[in-house]
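Have a look at the structure below, then the notes.
The values are calculated or read from the model by the stated rules, or taken from the named source; none is laboratory data. Given the structure is predicted, the values throughout are model-derived calculations rather than measurements. Here the Cβ positions follow ideal geometry from the backbone for every residue, glycine too, while neighbour counts run over all protein chains shown.
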């Protein structure tokens, strides 16, 4: 793997650190209390409250592990310093989809910020990864689960909400 980093704005890194602190502290304490209470109901083999509390604990620990892994790979992304010559994580890109004959705008973000409904696509998604490093005017063929998409890069810009001149 050439680049195993996750590029995130400092604000997102701070948010993940805060969530991790909350989960490790109050989150674990809440789960421990639920397990203690469920154990007080007696026979654990037929105790749905205990099973549910243990499932909650597994989800909590999985989320903690996920955040720890993301933060261990995180590099601060200073969007203001990115060149607009090529597509980078943190920039927006306007493309013409030749396959569907329509224009789309994507804001390429780190995995934890992705939200397709808001036009934020992960730099690890097929389209995000396929556009990285390309320039305005280039046509990129991207293999997606739905087949190949042919995207022509029309514009690269910083802010997600592009204002036409």
Taking the stretch 124-139 and keeping residues touching a residue at least 40 places away in the same chain (Cβ under 8 Å) and surrounded by 13 or more Cβ atoms within 10 Å (Cβ to Cβ) leaves 131, 132, 134
Residue 104 vs (1) more than 20 Å from the chain's Cα centre (by Cα); (2) under 19 Å from residue 151 (Cα atoms): all pass except (1)
Single match in 16, 60 (criterion: touching a strand residue (DSSP E or B) at 6+ places or on another chain (Cβ under 8 Å) and assigned to a helix (DSSP H, G or I)): 16
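Take residue 67 and tell me if it is assigned by TED's automatic domain parsing to the domain that holds residue 143 and touching a helix residue (DSSP H, G or I) at 6+ places or on another chain (Cβ under 6 Å).
Taking the combined requirement at face value, the residue does not satisfy it.
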Any idea which of 140, 136 is in contact with a helix residue (DSSP H, G or I) (Cβ under 7 Å, 6 or more places away or on another chain), modelled with pLDDT of 90 or more and not assigned by TED's automatic domain parsing to the domain that holds residue 27? 140
Run down 77, 84 and say which single residue is modelled with pLDDT under 90 and either under 20 Å from residue 142 (Cβ atoms) or surrounded by fewer than 17 Cβ atoms within 10 Å (Cβ to Cβ) (or both). 84
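Okay, residues lined up against (1) touching a strand residue (DSSP E or B) at 6+ places or on another chain (Cβ under 8 Å); (2) closer than 24 Å to residue 156 by Cβ:
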| site | (1), (2) |
| --- | --- |
| 22 | no, no |
| 41 | no, no |
| 81 | no, yes |
| 90 | yes, yes |
| 98 | yes, yes |
Restricting the stretch 140-154 to residues that are exposed (fewer than 14 other Cβ atoms within 10 Å of the Cβ) and not in a loop (DSSP other than H, G, I, E, B), the residue that is nearest to the chain's Cα centre (by Cα): 144
Might you check whether a residue that is under 18 Å from residue 123 (Cβ atoms) and surrounded by fewer than 11 Cβ atoms within 10 Å (Cβ to Cβ) occurs anywhere in the stretch 28-37? no
Would it be correct to say that residue 121 is in contact with a strand residue (DSSP E or B) (Cβ under 8 Å, 6 or more places away or on another chain), without any contact (Cβ under 8 Å) to a residue 12 or more places away in the chain and not in a helix (DSSP H, G or I)? no
Touching a helix residue (DSSP H, G or I) at 6+ places or on another chain (Cβ under 6 Å) and either farther than 26 Å from residue 4 by Cβ or at pLDDT 90 or above (or both) - does that describe any residue in the stretch 143-164? no
